[in-house]
Amino acid sequence: MPQPLNYLKETASQTAGPYVHIGLIPAMAGFDIFEKNFSNVLTTPNTEGERITLEGKVLDGTGTPLRDVLLEIWQANASGRYNHPADRSAGALEQEFRGWGRAGSDFESGLVTFETIKPGAIVDKAGRTCAPHINVWIVARGINIGLNTRLYFSDEETANAADPVLNLIEQPSRRSTLVAKRSERGGKVVYSFTIHLQGPEETVFFDV
Amino acid sequence: MNAQAPALRDPRLNRPEPLTPPLGDGGFFQRDRSIHPPAHAPGYKSSVLRSPRQSLLSLEGSVSEITGPVFGHNDLGPLDNDLIRNYAKDGDPVGERIIVHGRVLDETGRGVPNTLVEFWQANAGGRYRHKKDTYLAPVDPNFGGCGRALTDDTGYYYFRTVKPGPYPWRNYVNSWRPAHIHFSVFGSGFAQRLITQMYFEGDPLIPVCPILTTIPDQDALDRLVAPLDLNASAPFDSLAYRFDIVLRGQRSTYFENRTAGN
């Protein structure tokens, strides 16, 4: 017998369930408990960058929006810098911009929204430039282990075409499942997305 | 069924702990999907229409995955880890008073410091304080059912609550959830993000739960069962249960591959 390696095993995932709001967004469950709450607004008045609204739905295999889903997003700031010590890239850090938010879908429409800024392009450790993107994590009743995907931006065609992650997707037609569409509404910039859990338009999910 | 073993090393081994290189900034250890429930688990009916059918696309950890949000004590309030007091209106909530404590570790056995742990649960009668829960058991006016804590420098966390009750749910006609507490944990990188559920030693509903039995590996399932920890209980006050949570470990960069002379 060789020496044992003796690593621990990761704790198994379990579904967040239908009442995930109680723990993570108690106001949506219908009560007020914490002095300080996390939200779907990532910006403060001082945040640098173009203000955007992300707006989308998550659809099940019948095309019906999930009305009990929770999304978290994690993104770089407008200079392409993540607010984390492991990001040692050159972009300017903004301490006030955490770069993270969470939102529950509307109980009637299934709509999920975030108020944030458009992130800058990211330079990875290998020195490659990655197209601006937002990392998304999805949990809900019926989702046994959180799903990881990304949102790219429809007005970044050149950067998207060169992005090393988008280019890992074998079928070019599936790359578009990750691209949020830009529009303007009442003077506000809105990026719209639809996440398909199943079906011919199934979104690309990552094993990160 | 074995309750969760404490994260102590086997004293018979000549090397008491896994070799732990300097803190890494590489990608995380590849996730062993065989110990997690599959996305499509037909015995848990809600998973059927909510499970991707295409293969996940494997990404080696880029800066987007090895980084993640950082939280601090400023994000929390003083009663956030005390579910007996954080929603009390005119008295304590009904139920068995318990302390839940443990460590958040990574796969190398190292504590994960200063990470956010969030938890939520039903009350002692098995009813959630949630506008969508219509179970006939009553809401407890003194119990909210959620809390959060930041681990200390060693990865340790604790909170106080009442033991949640089991409750029925619509899967089969007579499906009941074992008593459980939901946990959400961050770690240092977004790729470590995890939601799970803690169960209680000796609960007879554990082996028949359609959600718990989505886990294909019996040892992985057993590790979700917290043992009674009498040594941590408060005499004449609260029993205690211990629940350690393991997040993915992180690779280190030993050598940079650069062309000689550069």
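Listed values, structure above:
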| item | result |
| --- | --- |
| Odd one out for B:D152 among (1) modelled with pLDDT of 95 or more; (2) open to solvent by less than 40 Å² (accessible area, probe 1.4 Å); (3) not in a helix (DSSP H, G or I) | (2) |
| So B:G165, is it assigned to a loop (DSSP other than H, G, I, E, B) and at positive phi | no |
| Test: residue in segment B:112-133 that is within 30 Å of A:L5 (Cα to Cα), open to solvent by less than 10 Å² (accessible area, probe 1.4 Å) and of a type in the set (A, V, I, L, M, F, W, C) | yes |
| Unmet criterion (only one of (1) facing chain B (nearest Cβ under 8 Å); (2) open to solvent by less than 10 Å² (accessible area, probe 1.4 Å)) for A:L8 | (2) |
| Which listed residue, of B:D237, B:D217, B:D203, B:D222, is charged (D, E, K, R), under 22 Å from A:G146 (Cα atoms), over 16 Å from the mean Cα position of the chain (by Cα) and surrounded by fewer than 20 Cβ atoms within 10 Å (Cβ to Cβ) | B:D217 |
| Out of B:F143, B:F159, sole residue that is touching a strand residue (DSSP E or B) at 6+ places or on another chain (Cβ under 9 Å) and either facing chain A (nearest Cβ under 10 Å) or buried (at least 21 other Cβ atoms within 10 Å of the Cβ) (or both) | B:F143 |
| Residue satisfying all of: in segment B:24-57; within 23 Å of the chain's Cα centre (by Cα) and not in a loop (DSSP other than H, G, I, E, B); farthest from the other protein chains (Cβ to nearest Cβ) among these | B:S34 |
| Every residue from segment B:183-200 that is in a loop (DSSP other than H, G, I, E, B), over 15 Å from the mean Cα position of the chain (by Cα) and not polar (S, T, N, Q) | B:G189 |
| Those residues of segment A:11-59 which are closer than 30 Å to B:D222 by Cα and more than 9 Å from chain B (Cβ to nearest Cβ), in sequence order | A:I25 |
| Residues that are open to solvent by less than 40 Å² (accessible area, probe 1.4 Å) and either over 24 Å from A:F205 (Cα atoms) or assigned to a strand (DSSP E or B) (or both), drawn from segment A:20-43 | A:I22, A:G23, A:I25, A:P26, A:A29, A:F31, A:I33, A:F34, A:F38, A:T43 |
| Of all residues in segment B:240-249 being part of a strand (DSSP E or B) and at the interface with chain A (Cβ under 9 Å from one of its Cβ atoms), the one that is surrounded by the fewest Cβ atoms within 10 Å (Cβ to Cβ) | B:V246 |
| In segment A:175-201, the residues that are closer than 30 Å to B:Q250 by Cα and either open to solvent by 10 Å² or more (accessible area, probe 1.4 Å) or not in a helix (DSSP H, G or I) (or both) | A:R175, A:T177, A:V179, A:I195, A:L197 |
| Residue check, B:E60 at pLDDT below 95 and either open to solvent by 30 Å² or more (accessible area, probe 1.4 Å) or not charged (D, E, K, R) (or both) | yes |
| Condition met for B:G109 (open to solvent by less than 20 Å² (accessible area, probe 1.4 Å), at the interface with another protein chain (Cβ under 9 Å from one of its Cβ atoms) and not basic (K, R)) | yes |
| Flag if A:F97 is within 8 Å of another protein chain (Cβ to nearest Cβ) and out of contact with any Pro (no Cβ under 6 Å at 6 or more places or on another chain) | no |
| All positions within segment A:183-207 that are within 14 Å of chain B (Cβ to nearest Cβ) and touching a Lys or Arg at 6+ places or on another chain (Cβ under 8 Å) | A:I195, A:L197, A:Q198, A:E202, A:V204, A:F206, A:D207 |
| Of all residues in segment B:58-85 being in contact with a strand residue (DSSP E or B) (Cβ under 6 Å, 6 or more places away or on another chain), part of a loop (DSSP other than H, G, I, E, B) and within 23 Å of B:S233 (Cβ to Cβ), the one that is nearest to the other protein chains (Cβ to nearest Cβ) | B:D80 |
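Yes/no matrix, rows are residues, columns are (1) of a type outside the set (V, I, T); (2) at pLDDT below 95; (3) touching a Gly at 6+ places or on another chain (Cβ under 9 Å):
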{"residue": "A:I22", "(1), (2), (3)": "no, no, yes"}
{"residue": "A:I25", "(1), (2), (3)": "no, no, yes"}
{"residue": "A:M28", "(1), (2), (3)": "yes, no, yes"}
{"residue": "A:E35", "(1), (2), (3)": "yes, yes, yes"}
{"residue": "A:S39", "(1), (2), (3)": "yes, no, yes"}
{"residue": "A:L42", "(1), (2), (3)": "yes, no, yes"}
{"residue": "A:E48", "(1), (2), (3)": "yes, no, no"}
{"residue": "A:R51", "(1), (2), (3)": "yes, no, no"}
{"residue": "A:K57", "(1), (2), (3)": "yes, no, yes"}
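The values are calculated or read from the model by the stated rules, or taken from the named source; none is laboratory data. Just so we're clear, the structure is a prediction, and the values are computed from it rather than from any experiment. We place every Cβ from the backbone using ideal geometry, glycine too, and count neighbours over all the protein chains shown. What goes into the accessible areas is simple: the full protein's heavy atoms, side chains included, and nothing from ligands, DNA or RNA. Shrake-Rupley method; radii C 1.70, N 1.55, O 1.52, S 1.80 Å.
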